[in-house]
Every structure is written in C-alpha cells, then in structure tokens.
1. Please tell me the relative contact order of region B:138-196 in percent, rounded to the nearest whole number, where contacts are Cα pairs under 8 Å and at least six residues apart.
2. How well do other chains shield peptide B:248-257, expressed as the mean number of their Cβ atoms within 10 Å of each residue Cβ?
3. Over chain A, what is the relative contact order in percent, taking alpha-carbon pairs closer than 8 angstrom and at least six residues apart?
4. Round to the nearest 0.05 the FRET efficiency obtained for residue B:61 and residue A:316 when R0 = 60 Å and r is the Cβ-Cβ distance.
5. Ignore the peptide's own chain and count Cβ atoms of other chains within 10 Å of each Cβ in B:149-157; give me the average, rounded.
6. Quick one: if the Förster radius is 30 Å, what FRET efficiency do residue B:213 and residue B:31 give, using the C-beta to C-beta distance and rounding to 0.05?
7. Pairs of Cα atoms under 8 Å, at least six residues apart: use those to get the relative contact order of chain B, whole percent.
8. So what does log10 I(q)/I(0) come out to for region A:1-133 at q = 0.18, 0.21, 0.23 Å⁻¹, using the Debye formula with one equal point on every Cα and no solvent?
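Where a number appears in this text, it was derived from the coordinates with a stated rule and is not lab data. A quick note: this is a predicted structure, and the numbers were derived from the prediction, not measured. Note: ideal-geometry Cβ built from the backbone for every residue, glycine included; neighbour counts use all protein chains shown.
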C-alpha cells in the first residue's frame, strides 16, 4: 500500500509539472516579449505597464529560464502575481473563493453519490418493475440535461415560483458564508448542490445498476442466499461492496468533471467561487487570476485523484499489484 | 414469453417456425443487416432517430423559417418585438415562440442555432474519435515506449479540469467556432484512445494478425486494414454516445461566453442572454433550453439503441 501511494504521488507530481508547462506555454510563450506582455496586460495597456511587465517577469530571458523562474515563484514563494483588474494579490482572491467552491463541490458530491448509488441499487433490486422504469427514465433525462439548463430550470421552477407565491427560501443569487449563518449557507447552496449533483447522479445510477446486476448473478451471491442470509444483507454486504469498485474508479475520473460543473453552477447561481471568478476574469482580460485558478484547481484535482485511487485500492486489492 | 427461464415447448417452437419462417431463418444476413433488423424493432430508438432527422431538417431549412415569418435571424424588431417597456413579446401569431431581449424572433434563432449545435456536435466528435482511434491504435499495436508516452498523455488529459483549460485557451485567443472544435478535440480524445488501446491489445495477439505480419504487411496496413475494422462497432457506438456530450460542451462553452460569439444564433448563448430576463420572459429561457434538451435526449436514446443493435451481448444499462 505504501509503495502504491508513493508511486501515485510521484505520478501526481509529474502531472503537476506538465500542468505548469501547459499553463506556461499557453500564457507566457509568444513571438516576442512585447506580444506576451500585451497578452498579459490587455490590448489597451499603456507602454509603461507593458515595459514594467517585461522587466518584472524578465520576458527577454530565454524561455527555459523564464519557466524556471515561474516554477520558483510558484513553489518557493507561493506567488501567483497580482490581479491587474482589482490590484489584489491572486493568492488573496483564491483564499476568498476556494471555500465557496469547496462547499459547493463537496456537498454536491455527497448528494450525487447517495442519490446515484441508492437509486441504482433500488432499480437493480427491483429490476423490470415500474420503479426501475421510472428511475432509468429519470436517469437518462438528467444525464442528457446540460448543467446550466438544469440550474436555470431550478431557478425558474423552484426559486422564482416560490417567490411569486410569497415564499422566500432558496435565494436565486449569491452566497452566504457558513460561519456567517449556517441556515443561510444551507439555503443559498441547496439549489446549486442539486444542480451539480443530479446531472452526475444519473451517470452513477446507470453505473451502479449495471454493475450490481452483474454482481448479483455471481455464484457467491447464490451461496449467500442459500445459507439463509437476509436479502438486505446479501445486497448491501455481499453485492454492493464489489459492485461499488467501478463506481469508485469512475468517481476518481469525475473529480475534474466536478470542477467543470462547479464553474457552470457558480455562474448560474452567482456564487463567488473559483469558477465565477475565472469566467469574470476572462471578460476583464485578467490573466494572472486565470493562471492562478487553473493551477490551484488542477492541483486539487490531482490530489483528489490520488485520494480516490487509494480508496479504490482499498476496495479492490488487485489494483495495488500493478 | 411469460417465463424467460423455461425452455420453449415443442408447440411454441412449432408455432414460431412455420415453413416461411424457416426459409427466412436460413437466409444469410450480414452483421449490419442483423443490427438493422434489431434496431428497427427498437421503438424508442426509431422515434429518437426520427426526432434527430427532424432537428437536422430544421437546421438545413433554417432560412425557410426566416422567410416564412419574414424575420431575419439577426433582425431586431424594436417596434413589434419589444413592448413599451422594452421587454420581449410573448409567443403570438407574429412571433410563434416569442421574441428575445433585442426584439429578435426566437423561433428563427432556434432554427439557426440547430446548425451550430449539430455541426459542432458531429465535426468535433469525429475529430475526437479520429485522434483517439489513431493514438489508441498506435499505443496498442506498437507497445513499448510509444505506449508509455501515449498512456501518460491519456492520464494527463483525463486528470485536467477540461473547462478550466478551455477557459485558458479561449482567454488568449479569440472565441469562435474553430477554437471550440479544437478545444473539444484536444481534450476529448483520451477516453477514446484508452478504449481503442484496450481492444487492440487483445486483437494484436490473434492469429490473423500474425498471418498478416508473415505476409509482410506493414505496421500501418495491419493497424488500419486488419485491426481497425474489428474495433469499428465499438467506435460507432462510442461516437453516437459522444455526440450529445459534445453538443452539451459546445452549449456550455457558449453559455459561459467562451464559445460562439454573438450575434451568431446559438442555443447556449441564447440561454445565457435569457438568464436575466426569465422572470419577465419565460419563453426566452424555456424554448432554447427545450431545443437543446430534446436534441441531447434523442441522441442519447439513439446511442443506446445503436449499442443494443450492434452489440446485443451488452445489456442496456
């Protein structure tokens, strides 16, 4: 297990190095120093700003020296530069936005796993019943639903319709911090959580159903039934444990999807997290903010992938061997 | 049959296989004919195929909608399309699906928007599958260093938050059709490559590949003439299931303002524009959303049907 962990961490570091190279390639490599400086500062930047950027970032140095400096700033000084728009350090912006995205992503992930796995189990156990039909149809419906459409529909059909009838729960926009007001936090995040969760829960419902149906056909399930175990125990203890392995591996892959969904959900509900900040930074041409968010979010995905792989290795010992 | 576990009795068999049926059964049929026969019986798949044909027709004949209503796709009707407060008009005889925030005809814009959705859906998916298939074939067939390099690339691409890199790429270039297709292709191929590689690994050990090699066939010939046709069914299934995902991606990028720039009519962009107005003009939000949802739903159902038809061994999940 320890060797597996070490190998996964080395791989993760490799991925992060490639991410920084990609980011550096996208933003800091150009025909000459001036193009890059104008790209970073915006087309309408003054010559003075451009020259300052060239000097500060040593844009006249060879590419590999620049990349090395970029890495050094990142790793040693945790320096992600300044936002040109708000004139704030990018790290400060990140500190304000990360908790919002984390609240959204973690809550949604819990809801999506619970709904997805439970509905998958129900529809596998009652295979062919009306309940199964309803669940598989709903799953396909939500699976086809773009996240932003679902979010806007919830805003329109739930938040707005309630508001029209004088019930003011689930505000359409904005975010309330957990430490500010736990109830307000819950209210401001309920619809975003559902939005982000339901689309992915559909995939997991389909996945769990298929995988559990396969497992329930195995001999050892028949043995478990034959020795007189209660059906609930057969399904949850014997069946679900091995049926969950593909679900866990899929979840590892989907951490990146979670980040993408969070960006869209934050935009729909006006939640000031990483995603909304990144989208706003584009319209402002605020590249340092985008660079910071991409690097931090990628690092989060890499770490989450490692954690998920460990869970996976725990569930399925065969993984540790190769 | 009421009891699927029971063997058919001789009476049932005698009934099912009449003289005509026997002649029918022994008639030789290709894989594709068999698949088509299975597909035709799948009512849901046939209906969704019909819906897709309809959407394609709407896209092709989008200008007809414009000339029938007399409303150009980007034409703004500030007098008839907006009320006294400058708000969109609800659905009526003049604007069948209502008007948008600039007094444009939503029906006509949805028809034109279908063009972008379908075009990006098909072209970007084909690009994704082509890159993925070639790299997957190379990784699986050559093995060794080629395989390791491609496998690491697949791991890297799969672990990147796609949307954030799309944001980065668009922020240094100009948003537009080409960049949307390129972004989807660049980030989508990895999943295809992984599937193809897995298939090729088992196929390349087969005797007929050895035979081809002993006849002196080149590596490229073996990959594309001998191996590719054997992964084709899976590629087709994957392609149809990838199209709705691609359509959603394009709409999402456009919704975020990273896709097709205005004033080109695009579903994702229309939904984004409706976001501040849905309390006053529900039709502006609901109709483009419905168009998008119906299209992706139809493609998903069609994909399920094609998978069942081509690969009856796989249960419908």
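1. Numbers: 25 pairs, mean separation 24.6, N = 59.
Value for region B:138-196: 42 percent.
2. 4
3. Values: 354 pairs, mean separation 80.0, N = 322.
Once normalised by length, the contact order is 25 percent.
4. Values: r = 53 Å, r/R0 = 0.88.
Plugging the Cβ-Cβ distance into 1/(1 + (r/R0)^6) gives 0.70.
5. Working: counts 0, 0, 0, 4, 1, 0, 5, 6, 2.
The mean count of partner-chain Cβ atoms within 10 Å per residue comes to 2.
6. Values: r = 25 Å, r/R0 = 0.85.
That pair, residue B:213 with residue B:31, gives E of 0.75.
7. Values: 389 pairs, mean separation 74.0, N = 317.
So the answer I get is 23 percent.
8. Computed log10 I(q)/I(0) values: -1.12, -1.28, -1.34.
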